[in-house]
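One structure below.
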Amino acid sequence: MGTRGATPAWPRLGRARSTASFVGAAGSLAVASLYPGLGAMAWAGAAALAFGLSSSDTPARRLLGGGGVVLVYFFATFVPLIPSLMSYGDVSLARALVGVVELTVVFGATLHVALLPLVVFARRLPVWVSLPLAWSAGEWLEVFTSKAPYADLLYTQWQVQPILRALGRFGWYPTLFGWLLGCAAIGDGLARRRAWVALSGAVVLAVLGLLPPLPARGEEVLAGVAAVQMSDVWNPPATLPDHLRLVVWPEATRTTELVPIEEGERSGSAADFPGLGDQEARPAELINVVAETSRGLMNATVAVDPERHTVAMRGKTDLAPVGERRFLGVGSNVWAPGSGLPMLVVGGHRVIPAICYEAFSRELVADGRAKGGDLLAIMSNDYPILEDPGALSRSMGAAVLRSVEFGIPVVRAALAGEGALILPDGTIVANGSMHTTTVLQVGGSP
């Protein structure tokens, strides 16, 4: 006998199914964020999210479940950065945790979750269309909150060749949308028992998998260029190899003294810059300094010619929220932001300089590329993230993705972490082992 008011079994089963899908999606996306080597988990997570949205019986459940998945993904991405945020000095554990929560809310709730009503209430758009549309639009809006978004979903895919091949051909947002479209169609089709939808998603992903390799090029640009990898600030390389034209040093290798120089200043208007080490014959170099300017202290890159004169200086423009600039009341303004063009002409190259977190700025690299930049130089200090394999991998992934998206060779100089030389097809042609000091060059041994 039935009981008046009892909930039928099939709605309960449907709710359990959607709940399990949301939990699976959150877990899969979190794992992909924490361990980018498991990028395939993001494919499963996107499909599970679409399945959960399609199988939910009310808009409220879709909004709650989908929003929860997004927040879990963002929190998993930001929470490992707590030690990094604390390394800036006056950020306590409690304040760093508050900063992580704020980053999660701002980048997750305000942007992606705010766009989920498109998925929840758009009756004319199926989930397999509205989900990738909403997520892609959310990441596009992130750029207006932070010019260097750290949590974009494609950072989980830097080791997945089909995604790299699509990125090099079609660009960031078309690749993101197409990939999510394929994953979402599989999940949506399975939830609604629409075989043709699921099959269409499988075809989209198969097309990504069948894309031919990107053309091999850019090695000639890296000839004569080297990246310094240092185990710590006290152990620079004793000498530099002969026949180099340009050497890129990591962040924080010369920050114990102030260098009085204004942004854009050239040789003759500033004191000679002595460089590092005692080697007499030296190539041109990019060196990270603390610049004492009329606007305040800047975390800066100086270009130094072989005669040891400063060619130009550029201050870091995209400062890390909480760690380097105050963000919603947490952290402090450590540096004055730079305003110079992302271009330094040195060592026979038009170099786009990026200091550490700036590697996540697609806008910075796009500006430099538009001005004729032929080499991206990333100067990184990996000390604050040494205990976080996910953050270390994501930082390397940012270098690979910038190289592939913009078709430009990349030199990554690293303090404590791994340096690398990267070709525009995503191939890492030279990289060193953790905790070692070496000079990386094409054809050289690390």
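Remarks
- Along its three principal directions, the equivalent ellipsoid of region 172-262 from the Cα gyration tensor extends over semi-axes of 50, 19, 12 Å, largest first.
- Helices meeting the span-like rule in the chain (full DSSP H runs, Cα extent of at least 20 Å along the helix axis, mean Kyte-Doolittle score of 1.0 or higher): 40-55, 59-78, 195-210.
- One way to sum up the overall shape of region 9-210 is the equivalent ellipsoid from its Cα gyration tensor, whose semi-axes run 28, 21, 15 Å, largest first.
- Between the C-alpha center of region 412-431 and that of region 12-42 there is a gap of 31 Å.
- Among beta bridges that DSSP assigns inside the chain, antiparallel share in %, nearest 5: 55
- Cβ-defined net charge surrounding D382, 12 Å radius [Lys, Arg +1; Asp, Glu -1]: -3
- Calculated FRET efficiency for the pair A40/E307, C-beta based, R₀ 41 Å, to 0.05: 0.20
- Over every Cα atom in region 384-446, the radius of gyration and the widest Cα-Cα span, Dmax, amount to 11.4, 31 Å.
- Protection proxy ranking, highest mean first, for peptides 297-304, 235-242, 310-317: 297-304, 310-317, 235-242, where packing is the per-residue count of other beta-carbon atoms within 10 Å, averaged.
- Calculated over region 219-441: convex hull of Cα atoms, volume per residue (Å³): 117
- Region 283-300 and region 171-202: distance between their alpha carbon centers, rounded to Å: 48
- For region 307-398, the alpha-carbon radius of gyration amounts to 1.18 times the rule-of-thumb value 2.2 N^0.38 Å expected for a compact globular protein.
- Environment charge of S84, counting only residues whose C-beta is closer than 10 Å and scoring Lys/Arg +1, Asp/Glu -1: -3
- Fraction of C-alpha pairs exceeding 28 angstrom in the chain: 52 percent, rounded to a whole number.
- Net length gained if the chain between A202 and T239 were fully extended (0.36 nm per residue, minus Cα distance): 8.0 nm
- The simple Förster model, with R0 at 45 Å and r as the Cβ-Cβ distance, assigns R17 and V429 a FRET efficiency of 0.40.
Read-outs throughout are calculated quantities, based only on the coordinates presented, and are distinct from any laboratory measurement. Keep in mind the model is a prediction, meaning the values are calculated, not measured. Using ideal geometry, Cβ is built from the backbone for each residue, glycine included, and neighbour counts are taken over all protein chains shown.
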